[in-house]
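The block underneath contains the structure these notes are about, expressed in structure tokens.
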Amino acid sequence: MGIFDWFKGKKTEQVATERASTGAPAAFALDDAALVKQVEPLLVQRKFAEIEALLRRTLALEGHALDPRHVAYPVSLNLLSAVLTSQDRPEETVALLREVLALHEKVLGPDEPRTEASLHVLVNVLGKYEKDAEAEVSLSRALSQKDDARDGGRPSYRSLLGLFGGVLGIGGKVDEAVAVHRRALVLEERAVGPNHPAFWSAASGLASVLQKQGNAGEAEGLLRRVAALKEATLGERHPDHLKSLFLLEYMLAVQEKHEEAEACARRLLDLQEKTLGERHPETLSTSDRLAHHRMRAGKS
């Protein structure tokens with residue numbers, strides 16, 4: 001969820017209550033609720049320059065009303081960084097998000113979920129601007145201070161571990177990426193079990209880098225397991241199950257297992273016709289791939 005998605009989903013009273021619960025003065029919480037009311041219509045109209053000006057004024061006031069290290073202060077910094085991202089101003093955005101992370105580390109500590117969430121946002125923005133080397137350094141520094149045995153029970157830590165594996169894979173460090181993803185998968189299975197979306201995500205992440213490593217067979221086994229788990233847990237027509245069938249079909253095609261890929265695509269097509277309709281773009285795309293698999297398998 002993006003910063004603006006979070007912001008739009010909050011009720012004015014919710015934001016005031018949450019801000020007040022951080023220890024901010026009551027008057028400050030009320031001002032914050034008023035800020036939400038001012039920003040919401042501007043957000044709908046995509047008047048980002050006006051939102052930026054409003055947030056900068058708010059930050060100036062907050063800086064006087066509170067110690068800048070106060071947990072309320074980074075919230076407005078986060079919102080401002082989202083505005084700058086929408087205006088494609090990468091250097092300013094990254095600088096603000098680094099400030100948010102530094103404040104969270106200082107005030108809340110490196111292991112607090114909000115600190116790890118702010119690191120997650122920073123890394124995603126770095127990735128958006130193709131600053132993958134910087135993303136790797138930021139994650140490596142943070143994770144070097146943590147430990148699987150001590151921190152593996154925390155979802156925010158496991159999420160960072162999976163993110164690190166993805167960044168390593170993008171950077172071409174495939175063997176390291178596989179090792180990190182394996183750690184993340186073990187921790188997810190231990191913490192939430194195999195019937196949880198976090199486990200499925202970790203397994204899919206590992207499958208992706210295994211394929212890059214040349215271990216498509218092991219990747220296929222993981223994707224088959226995920227598809228079976230999703231079908232049993234969510235039902236065969238659930239969108240997440242359909243997505244898992246698509247990924248499995250792709251992995252079979254990569255290995256030139258054209259008859260198996262054909263069977264997988266045929267099943268996916270049948271389910272898509274029932275759930276999406278025969279003329280849906282995804283249904284038509286699957287139909288085209290099915291014809292391709294049949295051709296590669298030597299069938300007319």
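The values are calculated or read from the model by the stated rules, or taken from the named source; none is laboratory data. None of these values were measured; they are calculated from a predicted model. A quick note on method: Cβ atoms are made from the backbone with ideal geometry, for glycine too, and the neighbour counts reach across all protein chains shown.
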Residues located in the stretch 95-115, provided they are surrounded by fewer than 16 Cβ atoms within 10 Å (Cβ to Cβ) and hydrophobic (A, V, I, L, M, F, W, C): 95, 102
Residues to consider are 186, 226, 174; find the one that is of a type in the set (A, V, I, L, M, F, W, C) and surrounded by fewer than 16 Cβ atoms within 10 Å (Cβ to Cβ). 186
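Rundown of residues vs (1) under 27 Å from the mean Cα position of the chain (by Cα); (2) at pLDDT 60 or above, yes/no style:
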site: 6; (1), (2): yes, no
site: 13; (1), (2): no, no
site: 28; (1), (2): no, no
site: 48; (1), (2): yes, yes
site: 53; (1), (2): no, yes
site: 74; (1), (2): yes, yes
site: 77; (1), (2): yes, yes
site: 87; (1), (2): yes, yes
site: 95; (1), (2): yes, yes
Give the stretch 145-158 a look and list any residue that's closer than 22 Å to residue 121 by Cα and surrounded by fewer than 20 Cβ atoms within 10 Å (Cβ to Cβ), or say none. 145, 146, 147, 148, 151, 152, 153, 154, 155, 156
So for the stretch 250-258 (the condition being over 21 Å from residue 284 (Cβ atoms), in the same structural domain as residue 284 (by TED's automatic domain parsing) and crowded, with 24+ Cβ neighbours inside 10 Å), does at least one residue qualify? yes
Among what's in the stretch 230-249 and is closer than 21 Å to residue 186 by Cα and under 21 Å from the mean Cα position of the chain (by Cα), pick the residue that is surrounded by the most Cβ atoms within 10 Å (Cβ to Cβ). 244
With the condition being farther than 30 Å from residue 155 by Cα, I'd like the helices (runs of 4 or more DSSP H) fully within the stretch 192-300 carrying at least 2 qualifying residues. 239-254, 258-275, 281-296
